[in-house]
Amino acid sequence: MILIAAFLLSLPISIQSGQSLSVIDALFTAASAVSATGLTTIVVGDVFTTFGLIVLLFVIQFSRQGVVHLVKNVLIMVFIIEIIGFLVITHYLYFSGYFNYREAAMQGLFLAISLTANAGFDIAPNGDSYQMYATDYFMQSFGIILMFFGSVGFWVLAEIKEFIQAKIRRERYKFSYFVKMIFTLHIAFIVIGAVFIFTLESQAFLRTKNLLSRYIMPFL
């Protein structure tokens, strides 16, 4: 989109008589329009003709709609993930006997948002953090899931939402190559990192742990 916009803005029909536009200025203006930043290295009104201004407006409008659509999808997905996380953690902590319902709800709300945002904050009693769930493999596994979906990226979340909508409508949906690559790389990095930690710590920190701890802890 940036290259196409830069090309169109560089055409003689886009530039006023007596004005010039370098390649780098055309690229900078196009990139600024696509990303909707508003930064420019030229005086737009003095350089571009009516045609050039229309091209610029089209690019700005097209990009703005794309960004709004992306942000809307991402916010919806993040909200859904956090709501599910809140409900699951709250009821698990309550029915497992960790806290009364009110405290479980507060812990669940804080953990769901913090884990999804990969913020690293918690309000565990006595500052125990996630160590209080050192032998609770459900909390560890569910935490991994929330952290993963919170860090996998905006485009992935947006396309997952579109995928779910397509399935509800019983339509076919094909993930973009970019999303497939990002998703695969995230999984690969987590697995590779876990293997390294397991290898380095199998005879040290993990040596005294039980089998489940030895295999789950490296993923956290």
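What to note about this one:
- Enumeration of residues in segment 149-171 that are closer than 25 Å to H91 by Cβ, of a type in the set (A, V, I, L, M) and buried (at least 18 other Cβ atoms within 10 Å of the Cβ): L157, I160
- Which listed residue is assigned to a helix (DSSP H, G or I), crowded, with 16+ Cβ neighbours inside 10 Å, out of contact with any Gly (no Cβ under 6 Å at 6 or more places or on another chain) and not polar (S, T, N, Q), from L200, L115, L206, L146: L206
- Each residue in segment 16-38 was checked for being surrounded by 10 or more Cβ atoms within 10 Å (Cβ to Cβ), of a type outside the set (S, T, N, Q) and closer than 14 Å to S63 by Cβ, and 5 of them qualify.
- Only residues that are modelled with pLDDT under 85 and either surrounded by 12 or more Cβ atoms within 10 Å (Cβ to Cβ) or closer than 20 Å to F205 by Cβ (or both) were counted in segment 126-136, giving 6.
- Among the candidates I24, I76, I80, I13, residue that is assigned by TED's automatic domain parsing to the domain that holds G150, assigned to a helix (DSSP H, G or I) and at pLDDT 90 or above: I80
- Subset of segment 160-212 [more than 30 Å from A134 (Cα to Cα) and in contact with a Phe, Trp or Tyr (Cβ under 6 Å, 6 or more places away or on another chain)]: F163, A166, Y173, V179
- When V47 is tested against (1) buried (at least 17 other Cβ atoms within 10 Å of the Cβ); (2) out of contact with any Leu (no Cβ under 8 Å at 6 or more places or on another chain); (3) not small (G, A, S), just one condition goes unmet, and that condition is (2).
- Across segment 76-112, the number of residues qualifying as loosely packed, with under 15 Cβ neighbours inside 10 Å and aromatic (F, W, Y) comes to 3.
- Taking each residue of segment 195-220 that is at pLDDT 65 or above and looking for partners that are polar (S, T, N, Q) with beta-carbon atoms closer than 8 Å, six or more apart or interchain, yields L206/S213.
- Given (1) modelled with pLDDT of 90 or more; (2) assigned to a loop (DSSP other than H, G, I, E, B); (3) in contact with a helix residue (DSSP H, G or I) (Cβ under 6 Å, 6 or more places away or on another chain), index of the condition I123 fails: (1)
- Which listed residue is under 14 Å from the mean Cα position of the chain (by Cα), more than 24 Å from D122 (Cα to Cα) and modelled with pLDDT of 85 or more, from E171, E159: E159
The values are calculated or read from the model by the stated rules, or taken from the named source; none is laboratory data. Here the structure is a predicted model, which means the values were calculated and not measured. Neighbour counts run over all protein chains shown; Cβ positions are idealised from the backbone, glycine included.
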